[in-house]
Each structure stands twice: as structure tokens, then as C-alpha cells.
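Have a look at the structure below before the remarks.
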Amino acid sequence: MLLKIPTLLVRLFATTALALLLAPCATAQLLQTWDTKARERSQRLHSAGVTALEKGQTDQAVALLNQAIAADANDHVAFNTLGLALARQEKYEEALAALQKAYKLSHEAETLLSTGMVYYLQRDYPAAIKSFNRALEIDTKLWQIHGALGFTYMRIGDFEKAEASFQRLIKAHPSSVLAYRGLALCKYLSGEITAATKSAEHAQTLSSSSKPILLLLAKLEFVQGNTDAGKLRVKEWQAATLKKKVAPFAMTIFGYPKQHDFHWDILLADNFDNGNFLLARTRLLPKEDGARRSYAAKGKLAAILPQCKAATEAAPDDFYLWHERALLELASGDYAQASEHFAKVLQLCPVCRIDWLHLARAQALAGKPDEAAYALNEFRRQLPNEKLSPIFTQLATQAKEESPPEKPATDSNKKPASTGGSGF
């Protein structure tokens, strides 16, 4: 006996069968319009690009990353890394364009972190701060960004907000090298020598071969009159510079994932000073001129000083660049220019009080004892409890013993005032 199947059920079976018959055709059509292997090729090329960046092969990396984008134009990760690679080539507008594409494809905190880094390199600090804060809004757990924020606030002379950012980083990660490195630099620039030394020494225990920390420790030793300790720190800096097997810098310290880390310390971009220039600044008496020139040459001053000058011309309101330039000019023996530019730093950033000491030394060497004594006393007035090298005691008393020079400070025949044997 035949069963009577309801008409509705027959139609349902027919529809299902037709769908099953058509499914392979639909899948084939989809595969024709969407290459399922495109993302795989893009990721493979992206990985090769990161490896090239790690090796310092930036041009090759840019080529590989462009190939990754050609393989899959919707891969926001490739656009993000391309932005950093272009920034490494100092092609900042192109870098920002790539990052905008990345963010359009996927609103991720990492893209905003990279955008902030490019703005930082471009010295557009307000834009960098805005990008970093937006990244934190998207991902509140990305606590590493407080470090980048701290350095950016420092570059606009807002040491209070900079230190608050570093303290937030310490609260989230008590052993953060970046936080203590930033705190030490802020304290040093503000003239708080004791506090700077404490933070720098702690940072050094966390990262024993960090060149920025070792150089800062050397400066702090010299400014306190600890000449032997200062020389030892410079030797440590030199060893770290020459050492081939140094632990690579990790971009994870900024908040990047390990697979996107190509070991680039972006914060070193505007650091022109080095240990050899520091030693040159300890040899500023006329009888030591040969040693000063030797150290300056070893540090490649002839090549680096023009780069620093170009940076100040490109960003004339950036106090940190003028600070670096004046230090290099002091190492070069151009005491009049150094004096002028340390004074400029203090105009742009009154809280950069360490440069009252640098100004005092430059003025003394330029043959202006009264001005040197004034600069030193201004530092002492603001920070009376800091330990200073005996060199500064001489600067404070020499104005009573000598008259201001009648000739301009640029007169090379004028005998500079004695400044002792310890420098910074």
C-alpha cells in the first residue's frame, strides 16, 4: 500500500535536493571571486618583511610589505607594519597614509600606537599624545602605552604629566625598564640629580647593557664630581656599543606583540649625544684641547653636529633638540654658541634646570665669569640641596675675582676662566 506523502513535505524534499545539487556550483563561484590563499601569502610576506626590518634591511622590508598588500589588500597588519617601515625611512606622510588604511580596515589599538609613534618621530607631539590616548581608550589593558605617553609629554616640557605616565607604567608593571629610564631622564633634565641617579641606577639593574641608561649615569656621575665613576660608566657605555651579543631591544616594551617586534628603539631618534662627546666635555681647558678634539673625532662630531643642527632648524621650538645641540657645541669647543643655545633651552623649557649648570660652564669657558656665576646661582636657588662637582664652586667665586671681558665672548684669544678638571 502506497503512503500518501503530504504535498508540503514533497516540496521541502525537492527544495533541499536542488540546494544540494547547486551547492558545489555556488562554492566554486565563490572561490573564483575570493582567493582563500591570499591572506596566507600576505602573512608569509609580512613575516619576511619583519625579519628584514630586524636585520636593518628597510628597503627590502618595504618591498616585501608592499607585496603582502598586493597579495591581500584587506590585510591591515601589513599596512600597519608598512607604516613603521616607511617611518624608519623618514617618509612620514607616506607612513601615516599606510596607517590610515590599516585603521580603516580594522580599528585596532596597535595601529593607533604606530600612528602615535610616527607622529612622535615627526615631532608632532600633540598629535602623538592624541593617538596614544585613543589607543588606550580602545584597549585599556595596553598599559605599555603609558611609557610612550611619558616620553612624549617630556618632549613638550611637561615633566609633571610625563612622570605621572611613568608612575602609571610602574604601577602596571613594577619592573618596567622604560618607566625608570623615562623617570631618570625627566629628573635629570629638571635638575633633580639625586632622584635621577636613583631611577637610573634602578633602570640599570633591570637592563645592564642599555646604552641610554649607561650614558645618563655617566653624566650624573660627572655633574656630581664623581670623575672616576663617570669614566667607568663611559667605559661600560663603550663596551655596550661594541658588544656584538647584546640583548636586542624589544618593541613589546611599547605594547607591540612579539610577532611584530623588529627591535627598533624609536625613542633614540633625537639622541645625538654619546659617550665620546661626554669625554670631550671633560677636556675643555686650553692644555687639553688635543684630547677634546680627539674624543670629538672619535664620536664622529663632524658628521653628527650638522644632523643635529638640521633637526633644530626643522623644529625650532623643540627644547630637547637645542639641548642636544648645545651639548655637542660644548664638545666642539664652540663655547659662545653653546652658551646661546643653552639659554635658548631655558627660554623654551624653564623647567629644564640642568641647563643652568651647562650654561654656567659654557659662559665660564667663553670668558664670562659674571654670567657663569649668575647661571650657577640660579640653579642653586631653585635646587639648593643637590650635590654638585667642585667645578661649580669655582664658578661661583670667580666672578668676584675677575672682571667681565671687554671683548666679545667669540674672541678666540680670550683666556677662558678656569673650570677645574671635572666636566659633563
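The values are calculated or read from the model by the stated rules, or taken from the named source; none is laboratory data. These figures come from a predicted structure and were not determined experimentally. All Cβ positions, even for glycine, are placed from backbone atoms using ideal geometry, and neighbour counts span all protein chains on display. Ligands, DNA and RNA are stripped out before the accessible areas are found, and what is left, the full protein with its side chains, is counted by its heavy atoms. Shrake-Rupley method; radii C 1.70, N 1.55, O 1.52, S 1.80 Å.
Given the residues GLY421, GLY367, which is the only one that is closer than 21 Å to LYS287 by Cβ and modelled with pLDDT of 90 or more? The conditions single out GLY367. Restricting attention to region 265-290, the residues that are open to solvent by 40 Å² or more (accessible area, probe 1.4 Å) and either among the hydrophobic types (A, V, I, L, M, F, W, C) or closer than 24 Å to LEU136 by Cβ (or both) total 2. Look at region 218-237: where a residue is at positive phi and touching a residue at least 24 places away in the same chain (Cβ under 8 Å) and a partner is surrounded by 23 or more Cβ atoms within 10 Å (Cβ to Cβ) and outside any helix (DSSP H, G or I), sitting 6+ places away or on another chain with Cβ atoms under 7 Å, you get GLY225/SER389. Scanning region 130-183 for residues that are β-branched (Val, Ile, Thr) and under 17 Å from the mean Cα position of the chain (by Cα) yields ILE145, THR152, ILE156, VAL177. Restricted to region 135-153, and to residues there that are outside any loop (DSSP other than H, G, I, E, B) and free of Cβ contacts under 8 Å to residues at least 24 places away in the same chain, the residue that is least open to solvent (accessible area, probe 1.4 Å) is LEU149. Looking only at residues of region 95-133 that are surrounded by fewer than 17 Cβ atoms within 10 Å (Cβ to Cβ) and charged (D, E, K, R), we find that the one that is farthest from GLY255 (Cα to Cα) is LYS104. CYS308 passes every criterion in (1) more than 19 Å from the chain's Cα centre (by Cα); (2) modelled with pLDDT of 95 or more apart from (1).
Matching residues to (1) in contact with a Phe, Trp or Tyr (Cβ under 9 Å, 6 or more places away or on another chain); (2) surrounded by 21 or more Cβ atoms within 10 Å (Cβ to Cβ):
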residue	(1), (2)
ALA343	no, no
PRO350	no, no
ALA366	yes, yes
ALA372	no, yes
GLU378	yes, no
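Figure legend. Inter-residue proximity from region 205-216: first residues within 13 Å of VAL234 (Cβ to Cβ) and open to solvent by less than 40 Å² (accessible area, probe 1.4 Å), second residues at pLDDT 95 or above and not in a helix (DSSP H, G or I), beta-carbon distance below 9 Å, spacing 6+ or different chains. Indicated pairs: LEU215/ASN271; LEU215/ASP273; LEU215/ASN274.
Taking the stated definitions as given, is LYS104 of a type in the set (D, E, K, R) and either outside any helix (DSSP H, G or I) or on the phi > 0 side of the Ramachandran plot (or both)? Considered against the rule, which asks whether it is of a type in the set (D, E, K, R) and either outside any helix (DSSP H, G or I) or on the phi > 0 side of the Ramachandran plot (or both), LYS104 comes out as no.
Of the helices (runs of 4 or more DSSP H) lying entirely inside region 38-98, those carrying at least 2 residues that are in contact with a Phe, Trp or Tyr (Cβ under 7 Å, 6 or more places away or on another chain) are 38-54. Filtering region 162-193 to residues that are of a type in the set (D, E, K, R) and under 28 Å from ALA360 (Cα atoms) leaves GLU163, ARG181, LYS187, GLU192. The C-beta contact set for region 296-309 (first residue over 14 Å from LEU330 (Cα atoms), second residue surrounded by 11 or more Cβ atoms within 10 Å (Cβ to Cβ) and not hydroxyl-bearing (Ser, Thr, Tyr), distance under 7 angstrom, 6+ apart or interchain) comprises LYS298/ASN276; GLN307/PHE272.
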